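Participant: Could you have a look at this structure, given as C-alpha cells, before my questions?
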Amino acid sequence: MTKEIIVFRYGHREIRDYRVTSHCSLVSRALGAKKIIICGEPDKNMKKSVDDVTQRWGGPFKVEFVKDWKEELLKLKKKGYILVHLTMYGEEILQKEEEISKNKKICIIIGSQKVEKEVYHISNYNISVTKQPHSEIAALAITLDRIQKGNEFNIQFKNAKKQIIPSKIGKQVIDLK
Ligand SMILES: C[S@@+](CC[C@H](N)C(=O)[O-])C[C@H]1O[C@@H](n2cnc3c(N)ncnc32)[C@H](O)[C@@H]1O
C-alpha cells in the first residue's frame, strides 16, 4: 500500500528555527512524505531552500505555511488522515507502529516549542520515540522509517535533474536532463 504521508510542524520562528525546520522538511521529503505543513511565521527563505532541493533532486514535495493549527489538523482529519503526534510522553512507538502502519493516510505532528494540550486530544495517537527528550528531526526520521517498514529506501523521485551513483570513495553524480 502506497502511503500518503504529511508532516505537520507545530511552530516556526523565522531565523531562529530556520535550520531545524529546513532539516525537518528535508527529512520529510527524503523519507517519503509528500508535504510539510508549517504552522508559524511564514519563511520564504526556508521554503525556497527546500524547494531548490526538490527541483534538483526530485519530488513531489511541497512546503506550506498555515496560521491556524487546529483548523488545519481538523481539516486533515476530515480528509481521512490519522494524526500521529510525536512526544516523549506518548505511548511507545514499538507498541503502536504495526497498528499505525495499517493506515494509508498519515499526518505526523512534530513540535518545536511547547505544544498546546489540545494537540494531545485532537491526535489519534501520541507517540514517543524513546522516553527521553531529544529532537523532532530524529523522532520524525525514526517514525517515518518504522511506519513504512524501510520502504522509503526504494522511493523513485520524479523529475530529478541529478542522481547520485553510490560510490565507495568520492562523489559520483549524473545529470538526468
Ligand atoms: C526539542 S522538543 C521540545 C519540547 C518542548 N520543550 C516541550 O516541552 O514540549 C521538540 C519536539 O521534538 C519531538 N520529540 C522530542 N523528543 C521526543 C521523543 N522522545 N519522542 C517523540 N518525539 C520527541 C516532539 O515532537 C517535540 O515537540
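The values are calculated or read from the model by the stated rules, or taken from the named source; none is laboratory data. Here the structure is a predicted model, which means the values were calculated and not measured. Methodologically, a virtual Cβ is constructed for each residue, glycine included, from the backbone with ideal geometry; neighbour enumeration extends over all protein chains shown.
Participant: Answer yes if at least one residue in the stretch 112-128 is acidic (Asp, Glu) and more than 15 Å from the chain's Cα centre (by Cα), and no otherwise.
Facilitator: Yes, the stretch 112-128 has at least one match.
Participant: Say whether the condition of being within 18 Å of the chain's Cα centre (by Cα), touching a residue at least 24 places away in the same chain (Cβ under 8 Å) and on the phi > 0 side of the Ramachandran plot is met by at least one residue in the stretch 157-174.
Facilitator: Within the stretch 157-174, not a single residue is within 18 Å of the chain's Cα centre (by Cα), touching a residue at least 24 places away in the same chain (Cβ under 8 Å) and on the phi > 0 side of the Ramachandran plot.
Participant: On to the next question. Looking at (1) touching a residue at least 60 places away in the same chain (Cβ under 8 Å); (2) loosely packed, with under 14 Cβ neighbours inside 10 Å, which is the only condition LEU76 fails?
Facilitator: It is condition (2) that LEU76 fails.
Participant: May I ask you to list the residues in the stretch 112-134 that are within 7 Å of the ligand (Cβ to nearest atom), part of a loop (DSSP other than H, G, I, E, B) and of a type outside the set (Ser, Thr, Tyr)?
Facilitator: Across the stretch 112-134, the qualifying residues are GLN113, LYS114, VAL115, VAL129, LYS131, GLN132, PRO133, HIS134.
Residues checked against (1) touching a Pro at 6+ places or on another chain (Cβ under 6 Å); (2) at pLDDT 95 or above; (3) loosely packed, with under 13 Cβ neighbours inside 10 Å:
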residue	(1), (2), (3)
CYS107	no, yes, no
SER112	no, no, no
VAL119	no, yes, no
ASN124	no, yes, no
SER128	no, yes, no
LYS131	no, yes, yes
ILE142	no, yes, no
ARG146	no, yes, no
SER167	no, yes, yes
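Participant: Scan the stretch 97-123 residue by residue and report those that are touching an Asp or Glu at 6+ places or on another chain (Cβ under 8 Å) and among the β-branched types (Val, Ile, Thr).
Facilitator: ILE106, ILE110
Participant: Check off (1) under 23 Å from SER25 (Cβ atoms); (2) of a type in the set (S, T, N, Q); (3) outside any loop (DSSP other than H, G, I, E, B); (4) away from the ligand (no atom under 12 Å from the Cβ) for GLN95 and give me the number that stays unchecked.
Facilitator: The one condition GLN95 does not meet is (1).
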